[in-house]
Each structure stands twice: as C-alpha cells, then as structure tokens.
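Written below as structure tokens is the structure these notes are about.
The values are calculated or read from the model by the stated rules, or taken from the named source; none is laboratory data. Please read all numbers here as calculations on a predicted model, not as lab measurements. Here the Cβ is made from the backbone with ideal geometry for all residues, glycine too, and neighbour counts use every protein chain on show.
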Amino acid sequence: MFSGEQMDFAKVWEKYNLWITMGFMMLMMWAYTVEWLKTGVGMAIDSVFAPFVDGFKIPFYILIVILSAFTGLYSSIIQKYTIDYEKMAESQERMKEFQTEFREAQLSQDEKKIKKLEAKQQRVMKEQMELSQQQFKPMTYILIFTIPIFFWLLYRLAQTTSTITLPYFGVHALTDAIVWVIPAWIIWYMICSMTLSQVIRKALNIGGL
C-alpha cells in the first residue's frame, strides 16, 4: 500500500514540482510579511545559534560567513542528488548543435533542411523546457532549510549594532540599506554564499551549468 502511495506522490511531484515550488516560494514571501510568524521562527531556533553569538562571541559578520558556507554546503548536496547534471549537459550540447545546424541551413537557404529542422524544433524546445523545470526541483528543499536561517538572522540583527566594511561602500551597520532597500548583511551574505558555494562545488566535484 505504501509503495503505491510513494509512487503516486513521485508522479505528482514529477508533474507539478514547478508549481509546488512556486507555491512554496509565494508562501515563504507571505510568511516574511507576517511579523509574529517571522519572529516566532527566529526565536524558536535562537537556542541553536545563540551560543555562537552570546557564548563564543563570534562577530556577526563572521557568523554570516559560517552560515553562508553551511547553506552553500547543503544546497550543493541537494542539487547534486536532485539534478542530473550529465543529462543537462548533454541536452545543452544537443541544443547548441541544433542552433548551429539551423543557422547554417538558413544562411544556405536550404528550404528542405529548414523544414526538417523546424519539425525537430518543437521536440528540442520541449526538452529545454523540461531542463529549465528540473533546475527548480531542489528549490523547495533548499528553502525549507534556508528561510528559517534568514528569519533568525532578521531576529538577531534587530538586536545588534554590528558594523561591516564592504568594498566600494565603506563602513555600514549590517542593517543599513546600501543598494536600494537591500541591507548590508544581505549583500555580505550573497558575496560569501556565491564565493564559498563555488569552492564547495569544486571540492565535492558537483557539476553545474
């Protein structure tokens, strides 16, 4: 009975994973606007991260480096086991070959070949659409871990006056908006996350596009 239910869930997930992921992302965006929920989640996991701030006295900007490395690690591992990078690379290569062949046929005005390639184009585009959808597969899993961490950072940052020196921006409080409405801590988090993720992916030999 359970194997059948698991199979049905797998089919539903395979068919609707894009919509499920988008729905979950909308839900998280809504949760961000609900102050009591955002604060409640932050307080709930404060007992896990608080010792790093209160006990070990780790500077907040260093703590963001640690958390960005942690999120980069589990994000890379989740992507490794939910995305078939070899298949995606093969699909991309076929798309490049098709585009080159189609362009050459147009330049040579080979109507017969153009019609043949136009018939093939729908299949190639469908494969590319499936390729794009596959990249959304790990997002739900990643968000489940990442959003609570962000809620905790927001909860703790409201209580800190820590500053950071950023290239081109100088010294700012972590909560200062420095790029439109984007605060310094998010800019710092993004810099650390993108840099460390590349190192982690290289160390774990995780493919990419």
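At-a-glance table
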read-out	value
Segment 111-151: number of residues that are modelled with pLDDT of 80 or more and either outside any helix (DSSP H, G or I) or touching a Cys at 6+ places or on another chain (Cβ under 9 Å) (or both)	1
Qualifying residue in segment 42-50 (condition: exposed (fewer than 12 other Cβ atoms within 10 Å of the Cβ) and either in contact with a strand residue (DSSP E or B) (Cβ under 8 Å, 6 or more places away or on another chain) or closer than 27 Å to Ala173 by Cα (or both))	yes
Matching residues in segment 168-207 - criterion: being assigned to a loop (DSSP other than H, G, I, E, B), surrounded by fewer than 18 Cβ atoms within 10 Å (Cβ to Cβ) and not charged (D, E, K, R)	Tyr168, Phe169, Thr175, Trp180, Val181, Leu204, Asn205, Ile206, Gly207
Single residue of segment 51-69 satisfying the filter (assigned to a helix (DSSP H, G or I) and free of Cβ contacts under 8 Å to residues at least 60 places away in the same chain) that is surrounded by the most Cβ atoms within 10 Å (Cβ to Cβ)	Leu63
Boolean, Glu130 is surrounded by fewer than 16 Cβ atoms within 10 Å (Cβ to Cβ) and more than 25 Å from Ser75 (Cβ to Cβ)	no
Enumeration of residues in segment 1-39 that are in a helix (DSSP H, G or I), exposed (fewer than 13 other Cβ atoms within 10 Å of the Cβ) and modelled with pLDDT of 70 or more	Trp19, Gly23, Met26, Leu27, Met29, Trp30, Thr33, Glu35, Trp36
Ile187 being more than 20 Å from Met26 (Cβ to Cβ), touching a residue at least 24 places away in the same chain (Cβ under 8 Å), touching a Leu at 6+ places or on another chain (Cβ under 9 Å) and of a type outside the set (D, E, K, R)	no
Verdict on Arg156 being basic (Lys, Arg), within 27 Å of the chain's Cα centre (by Cα) and not in a loop (DSSP other than H, G, I, E, B)	yes
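Residues checked against (1) outside the structural domain of Lys38 (by TED's automatic domain parsing); (2) among the acidic types (Asp, Glu); (3) out of contact with any Gly (no Cβ under 9 Å at 6 or more places or on another chain); (4) on the phi > 0 side of the Ramachandran plot:
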position	(1), (2), (3), (4)
Met88	yes, no, no, no
Leu107	yes, no, yes, no
Gln128	yes, no, yes, no
Leu143	no, no, yes, no
Phe151	no, no, no, no
Ile164	no, no, yes, no
Ala173	no, no, yes, no
Cys192	no, no, no, no
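For (1) more than 30 Å from Trp185 (Cβ to Cβ); (2) touching a His at 6+ places or on another chain (Cβ under 6 Å); (3) hydroxyl-bearing (Ser, Thr, Tyr); (4) in contact (Cβ under 8 Å) with a residue 24 or more places away in the chain, each residue gets a yes or a no:
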| position | (1), (2), (3), (4) |
| --- | --- |
| Ser75 | no, no, yes, yes |
| Gln92 | yes, no, no, yes |
| Glu104 | yes, no, no, no |
| Asp110 | yes, no, no, no |
| Glu127 | yes, no, no, yes |
| Pro138 | no, no, no, yes |
